[in-house]
Every structure is written in structure tokens, then in C-alpha cells.
């Protein structure tokens, strides 16, 4: 038979045990919320960096118009063809671009004054309206994410400017 | 342990649970506030600026005039296709924006403080920066606004 003191000790142990369980549960819930918050923040940050590409990609030196070293607010059609060819043929440049952009595709399609779905290549530079400056498609992906922006395209052969839509597609592999 | 002590512990547990629930609610409230379209507005702002830059470069009327030059010709006689500059731009500007997929917008041009061209449209939305075109010493401030869902058409 237990005396009164032993009963009190047992009660105290029971209460302390319950409190510890509650604290542990609280810690688990807090950890889960913090982890999910971090994941959501990382996702948002990633999205922001991806969407920022519509501001930075038209500005890359490889395709930006320039006259006597002075940059202009447009994209040069000839430079786009050369860049597309270079990403295919030059292994070092291809590696550099893949490090920079990863699994993505960047295409530019003229919409004004003319619209053409013919792809521009080194063999066909003028009678066309779609340029692919970078493409790295994985064998398997779970989804796509796409952003687009209007850009100014300069066609040096007729010294004219047009408006094109730059589409940046990211292949989601994870 | 006395009955009173047990009740106090029970009360404390209830208070702790209410505080935890309150914190979770506040956290969700903050997440909702952070996701209220800030990213989309930022994206639209970049798009409208890029579009204004592209529009400023093009030449219209069979390559005869730049857009800025056309603004300078507003108020004059016939300039293109037997139309005055304003009439020609009223037809051409919507065509340009439609080609780029922009439908719900307002585009207007100011010379000084007076509006010389206005497609009319919404009152609220995401605006491009003040894009200035200078033609023969005359300054034209062009504005483009992508209408938001809250906009009311005039």
C-alpha cells in the first residue's frame, strides 16, 4: 500500500510527463511550420529569379544591339542567329550557357510588323520570324514554367525595328 | 496534488493551446499578405517597360516615321494613308498592342501637361515608367497602363 507522499510524487511525475509531451508536440508543430515556411520562401525566391529573366535576358551582351560600342535598346536579329548556332556548336559556350540557364528554352518570335513561324537559321537569316537562342530540354520533366515579354528586334538587313515576344520556358525536373 | 492545482494546470494548458492557435493564424495571415500579387505586378511592370521601349523604336507608315515623329505630327494635316497622324495612330497603336497580346490597357501621350493622344481605358493598373521621346526638341511623355481587375472602363 502506497502512502500519501508516494501518491503525490506519482501525480507530479504524471503532470511533468504530460507537460513534456505537450512541449514536444509544440516543438514538432513549430519545426514543421518553420520548414514549410522556408520551403515556400525558397519557392518564391526561385520564382522571382525566374521572372527576373524577362528583364535581364534581353540585356545580355551576346544579343543586344550596339553601334560603335554604344548599346541600344533592342536585340540584333543576326546576333540571335549566331548565338543559337554557337550554343549548338561550341562545347565551351554550351557548357557556360547550361551552367547559367539550366533546363530552359529561350525563343523570340516576331509579331509586328510581320509574323512568321519559320525558324531563323544560319542558312535562312531573313525569311523567318522565330529565333531560338538557347535550348536545353531534359529527357523527362514534370512540368513547365513560362514567362514572356515584348522586346524590340533590330533587323540589320533592312535597318528596321520590329516587336517580338521573348518566351522563356523552364523545364521542371524536380 | 490538490484539486485547485490540477484546475490551474488545466487552465494553463488551455491558455497555451489558444496562444499556439493564435500564432498559427497570424502566420497564415502574413503568408496571404505576402502573396497578394506583388510578383505579378513586378512582372507586369517589367513587361510594360519593355513594350514601351519596343514601341519607341518602331517606324510606321511604311517606315517613313518613327512613333515619336508621328506624335510630333499630331494636329497637322494628312500624313499617312490619307489620314492625319492622330487618326493613323488610333488605328495603328491598338494593332501593335494586340499583336503583342496586350488587350486591356490604356496608352496616352503628354506634351508638357496636355494630353495629345489617349486610347482611353482604365483608371487603375500597373504602369510603365515615364518613357520620354524627344523629336526636334519637343518632349513627349508616353505612358502605358496594364489594367487591373479593379479597373473601371471609362
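Have a look at A:68, A:154, A:78 and point out the one that is within 14 Å of chain B (Cβ to nearest Cβ) and more than 25 Å from the chain's Cα centre (by Cα).
On the way: A:68 fails: within 14 Å of chain B (Cβ to nearest Cβ); A:78 fails: within 14 Å of chain B (Cβ to nearest Cβ).
Just a single option satisfies the conditions, and that option is A:154.
Looking only at residues that are more than 9 Å from every other protein chain (Cβ to nearest Cβ) and modelled with pLDDT of 80 or more in the stretch B:24-39, which one is nearest to residue A:64 (Cα to Cα)? Even if it seems obvious, please write down each step before you answer.
The initial filter retains those residues of the stretch B:24-39 that are more than 9 Å from every other protein chain (Cβ to nearest Cβ), namely B:25-26, B:28-30, B:32-33, B:36-38.
Filter once more, keeping what is modelled with pLDDT of 80 or more: B:25-26.
Values: B:25: 49, B:26: 47 Å.
Going through the qualifying residues, I end up with B:26.
Among the numbered conditions (1) part of a strand (DSSP E or B); (2) surrounded by fewer than 18 Cβ atoms within 10 Å (Cβ to Cβ), the only one that residue A:147 does not meet is (2).
Could you grab me the full set of residues in the stretch B:137-154 that are surrounded by fewer than 19 Cβ atoms within 10 Å (Cβ to Cβ) and modelled with pLDDT under 90? Passing the criteria: B:148, B:149, B:150, B:151, B:152, B:153, B:154.
Tally the residues that are outside any strand (DSSP E or B) and touching a residue at least 40 places away in the same chain (Cβ under 8 Å), restricting the search to the stretch B:104-126. Looking only at that region, the number is 1.
When you scan the stretch B:73-98, how many residues do you find that are assigned to a strand (DSSP E or B) and within 12 Å of chain A (Cβ to nearest Cβ)?
Residues of the stretch B:73-98 assigned to a strand (DSSP E or B): B:78-80, B:83-84.
Subset that is within 12 Å of chain A (Cβ to nearest Cβ): none.
The number of residues fulfilling the criteria is 0.
Looking at B:101, B:63 in this structure, which one is outside any strand (DSSP E or B), surrounded by 13 or more Cβ atoms within 10 Å (Cβ to Cβ) and out of contact with any helix residue (DSSP H, G or I) (no Cβ under 9 Å at 6 or more places or on another chain)?
Details: B:101 fails: surrounded by 13 or more Cβ atoms within 10 Å (Cβ to Cβ).
None of the others qualify; the one that does is B:63.
Among the residues of the stretch A:63-74, the ones that are free of Cβ contacts under 8 Å to residues at least 40 places away in the same chain and either outside any loop (DSSP other than H, G, I, E, B) or not assigned by TED's automatic domain parsing to the domain that holds residue A:162 (or both) come to 5 in all. Residues that are within 13 Å of another protein chain (Cβ to nearest Cβ), in contact with a helix residue (DSSP H, G or I) (Cβ under 9 Å, 6 or more places away or on another chain) and surrounded by 15 or more Cβ atoms within 10 Å (Cβ to Cβ): does the stretch A:117-140 have at least one? No, there is no match, as no residue in the stretch A:117-140 is within 13 Å of another protein chain (Cβ to nearest Cβ), in contact with a helix residue (DSSP H, G or I) (Cβ under 9 Å, 6 or more places away or on another chain) and surrounded by 15 or more Cβ atoms within 10 Å (Cβ to Cβ).
Residues being away from every other protein chain (no Cβ under 13 Å), within 21 Å of residue B:58 (Cα to Cα) and either touching a residue at least 12 places away in the same chain (Cβ under 8 Å) or surrounded by fewer than 13 Cβ atoms within 10 Å (Cβ to Cβ) (or both) are represented in the stretch A:93-108 by at least one member.
The values are calculated or read from the model by the stated rules, or taken from the named source; none is laboratory data. Small disclaimer: the values here were computed from a predicted structure and weren't measured. Cβ coordinates were reconstructed from backbone atoms using ideal geometry, including for glycine residues, and neighbour counts include every protein chain displayed.
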